Amino acid sequence: MKTLLFVAILLVSSWGWALPLLRVAFSLDKPPYVIHETSSGLEVELLRQVFLDMGYEMIPVFQPPARSVRSLELGRVAAMATITNMPKFHLSDSYITFQNFAWTLKSKSFRLNALSDLGKRSVIAFQNARYFLGPEFSAAISKSSDYQEYAEQRRQIKMLMMDRVDVIICEERTFRMNQEILRKTSNQPLPEVEKHALFEKSQYSVAFRDKKMRDLFNKSLKRIRENGDLKVVFNRYAD
C-alpha cells in the first residue's frame, strides 16, 4: 500500500496534478510541537504524514484555540489538532501524548501535592487549559485569586522566570525547549525550577467536521504507525 501511494504521488507530480488541499487548524507557536515560522514541528509533521497517506496536502492554519474552534464550526478548516474532548465534532484516535507539569521556582519551596493546592497560588496555564485538564483542575483554579491563560507559552515561562507568578502549567518538552531559548538570550543565569507531577498523561486527537474523513484518518494513522513512518517523525524530534 505504501509503495502504491508513493507511485501515485509521483504520477500526480509528473502529470502536473496537485493533491487536494486540506486546511487544518493548529495552535500558535508551541515548540517543538508547533513552529509557526517554518510551518513545522512534531505535531505538524506527524499530521502532514497522515494526511499525505490519505491523499491530501495539509495546509496548516496557525491561530489561538478559541478561533480554531470557530473556524471548524464555520467550515473554514476541515480539522483541528490537539483535542482531548469536543463532543460537537468527530474525534480521531489518539495520535500524540503530552505530559503536563506544574512548574515553580525552586527558591520558593512551594509544596504542591495535589491539584487543590493550586487554589492557594497565582497560576498561568496554556489557553483553554481549564477544559483540557479536566474538572478537578477547573475546580482547583476556580479558587485561585489570580488565574490566567496565555496562548503563547513562552510568555508564561518568562513570567515564572521573572517571579511574577507562583505556578505555570506547561508540557515538559515545550517547557525545556523554551527554557533553553530564554537561557541563550538572557544576560543573567535563569533561576532553578521545580516540576510537580499533578497531571496524568494526556492523549490528544484531531477533531473533524466530517465523520467519514475522521474514519479515513484513523485508518491512515494506524497504517503509518504499523509501517514505522510514525516512528521516523518522532525520532526527528527526539531529545
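The values are calculated or read from the model by the stated rules, or taken from the named source; none is laboratory data. From a predicted model like this one, the values you see are computed outputs, not experimental measurements. In this analysis, Cβ positions are derived from the backbone assuming ideal geometry, glycine residues included, and neighbour counts consider all displayed protein chains. Heavy atoms of the whole protein, side chains included, go into the accessibility calculation; ligands, DNA and RNA do not. Shrake-Rupley method; radii C 1.70, N 1.55, O 1.52, S 1.80 Å.
Structure above, values below:
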{"item": "Identity of the residue in the stretch 41-54, open to solvent by 20 Å² or more (accessible area, probe 1.4 Å) and out of contact with any helix residue (DSSP H, G or I) (no Cβ under 7 Å at 6 or more places or on another chain), that ends up farthest from residue 156 (Cα to Cα)", "result": "52"}
{"item": "Residue within the stretch 153-164 that is over 14 Å from residue 199 (Cβ atoms) and modelled with pLDDT under 90 present", "result": "yes"}
{"item": "Members of the stretch 196-239 found to be more than 19 Å from residue 57 (Cα to Cα), at pLDDT 90 or above and among the acidic types (Asp, Glu), listed by number", "result": "200, 226"}
{"item": "Residue check for residue 89: within 17 Å of residue 204 (Cα to Cα), touching a Ser or Thr at 6+ places or on another chain (Cβ under 6 Å) and open to solvent by less than 30 Å² (accessible area, probe 1.4 Å)", "result": "no"}
{"item": "Failed item, numbered, when residue 197 is tested on (1) open to solvent by 30 Å² or more (accessible area, probe 1.4 Å); (2) farther than 17 Å from residue 133 by Cα; (3) of a type in the set (A, V, I, L, M)", "result": "(2)"}
{"item": "Failed criterion for residue 129 (all others in (1) in contact with a helix residue (DSSP H, G or I) (Cβ under 6 Å, 6 or more places away or on another chain); (2) at pLDDT below 90 hold)", "result": "(1)"}
{"item": "Selection status of residue 145, modelled with pLDDT of 90 or more and not acidic (Asp, Glu)", "result": "no"}
{"item": "Criterion (farther than 26 Å from residue 134 by Cα and at pLDDT below 95) met by exactly one of 19, 28", "result": "19"}
{"item": "Search result, residues across the stretch 99-144 that are in a loop (DSSP other than H, G, I, E, B), among the aliphatic types (A, V, I, L, M) and open to solvent by 30 Å² or more (accessible area, probe 1.4 Å)", "result": "114"}
{"item": "Enumerated helices (runs of 4 or more DSSP H) restricted to the stretch 146-239, each holding at least 2 residues that are in contact (Cβ under 8 Å) with a residue 40 or more places away in the chain and touching a Ser or Thr at 6+ places or on another chain (Cβ under 6 Å)", "result": "211-227"}
{"item": "Of all residues making up the stretch 185-237, the number that are under 15 Å from residue 47 (Cα atoms) and among the aliphatic types (A, V, I, L, M)", "result": "9"}
{"item": "Within the stretch 17-35, considering residues that are open to solvent by 30 Å² or more (accessible area, probe 1.4 Å) and not in a strand (DSSP E or B), the one nearest to residue 181 (Cα to Cα)", "result": "29"}
